[in-house]
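Taking it in order: structure first as structure tokens, then the write-up.
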Amino acid sequence: MVTLHLLPATVRDRYECHEWRNGAAILREAHPGEWQDVIDMLDHFTLRKSWIVNPGGNKSKIAKWVDHFLTARGWVEEGFETAILVDQDRRDSPTHKVDCFKNSVGLEVEWNNKDPFYDRDLNNFRLLFELRVVEVGIMFTRCDNLQDIFDDLGRGSSYGMSTTHMSKLLPKIEGGGGGGCPLLVFGIPKSLYDPHS
């Protein structure tokens, strides 16, 4: 069953949307507050030219914008101390921090990292789901068609085929990279690009 039809038309029309294991239904029904936060974020987002031509350093300006928007609504970057305990033998099993986290919903922004970062994020969602910490994982990334804009701006070499974009992510999800964790994926297409900002 696919439940993407539950997303508002404004989101379905503006983004490339995918899900795994009914992520949309679970987010909307089990976490209505977080659902509204994400919908509002997606409705307010615009891809600014300045964010592409002036890189953000360690964290992209896209990720900083998402962080700022969601932090104002109670989301936080969250790390988890996890371990396996067998009798008295404790073995630490650390996870990677989740970019934005609130009430068992995790959101990761992957704008221009190397594509193995998708594996890291999906594995993190899988593990945290199995530990009953995350109930829905959300990925916010870029669509392949943005490459035309990067090339036109002379930034194409910075956004190569081995970096994070939708056609690198989907096979990893379909191959079970997130395990049983319900997922929602939103891709930023070139129609959201604002050349004047």
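The values are calculated or read from the model by the stated rules, or taken from the named source; none is laboratory data. Remember, predicted model here, so these are calculated numbers, not experimental data. Heads up, the Cβs are rebuilt from the backbone with ideal geometry, glycines too, and the neighbour counts pull from every protein chain shown.
Restricting Gly176, Gly187 to those that are of a type in the set (Gly, Ala, Ser) and assigned to a loop (DSSP other than H, G, I, E, B) reduces the list to Gly176. Kindly evaluate Arg142 against the criterion of being touching a Leu at 6+ places or on another chain (Cβ under 9 Å) and basic (Lys, Arg). So Arg142 passes the test. Would you please list the contacts, defined by Cβ atoms under 8 Å and residues six or more apart or on different chains, that run from a residue in segment 112-138 that is within 22 Å of Thr3 (Cβ to Cβ) and in contact (Cβ under 8 Å) with a residue 12 or more places away in the chain to a residue that is among the hydroxyl-bearing types (Ser, Thr, Tyr) and surrounded by fewer than 19 Cβ atoms within 10 Å (Cβ to Cβ)? From segment 112-138, the pairs are Val134/Ser104; Glu135/Ser104; Val136/Ser104. Within the set Arg48, Arg132, Arg142, Arg90, the sole residue that is closer than 19 Å to Gly179 by Cα and of a type in the set (D, E, K, R) turns out to be Arg132. Scanning segment 142-165 for residues that are closer than 23 Å to Glu19 by Cα and either part of a helix (DSSP H, G or I) or in contact with a Gly (Cβ under 6 Å, 6 or more places away or on another chain) (or both) returns Cys143, Asp144, Asn145, Leu146.
Taking the criterion of being surrounded by fewer than 18 Cβ atoms within 10 Å (Cβ to Cβ), more than 15 Å from the chain's Cα centre (by Cα) and of a type outside the set (A, V, I, L, M, F, W, C), the residues of segment 148-171 that qualify are Asp148, Asp151, Asp152, Gly154, Arg155, Gly156, Ser157, Ser158, Gly160, Ser162, Pro171. Return a yes/no flag: does segment 78-90 have any residue that is hydroxyl-bearing (Ser, Thr, Tyr) and modelled with pLDDT of 95 or more. Taking every residue of segment 78-90 in turn, none turns out to be hydroxyl-bearing (Ser, Thr, Tyr) and modelled with pLDDT of 95 or more. Looking only at segment 1-41, count every residue that is of a type in the set (Phe, Trp, Tyr) and either closer than 21 Å to Leu169 by Cβ or outside any helix (DSSP H, G or I) (or both) and tell me the total. Counting residues in segment 1-41 that are of a type in the set (Phe, Trp, Tyr) and either closer than 21 Å to Leu169 by Cβ or outside any helix (DSSP H, G or I) (or both) gives 2.
Identification of helices (runs of 4 or more DSSP H) wholly contained in segment 42-135 with 3 or more residues that are surrounded by 13 or more Cβ atoms within 10 Å (Cβ to Cβ), of a type in the set (Val, Ile, Thr) and on the phi < 0 side of the Ramachandran plot yields 61-71. Cβ-Cβ distances below 7 Å connect the following pairs, each with a first residue in segment 176-197 that is within 11 Å of Trp20 (Cα to Cα), a second residue that is among the small types (Gly, Ala, Ser), and a separation of six or more residues or different chains: Gly178/Gly137; Cys181/Gly137; Pro182/Gly23; Leu183/Gly23; Leu183/Gly137; Leu184/Gly23; Leu184/Ala24. The residues of segment 16-48 that are more than 19 Å from Lys61 (Cα to Cα) and in contact with a Ser or Thr (Cβ under 6 Å, 6 or more places away or on another chain), listed by number, are Asn22, Ala24, Ala25.
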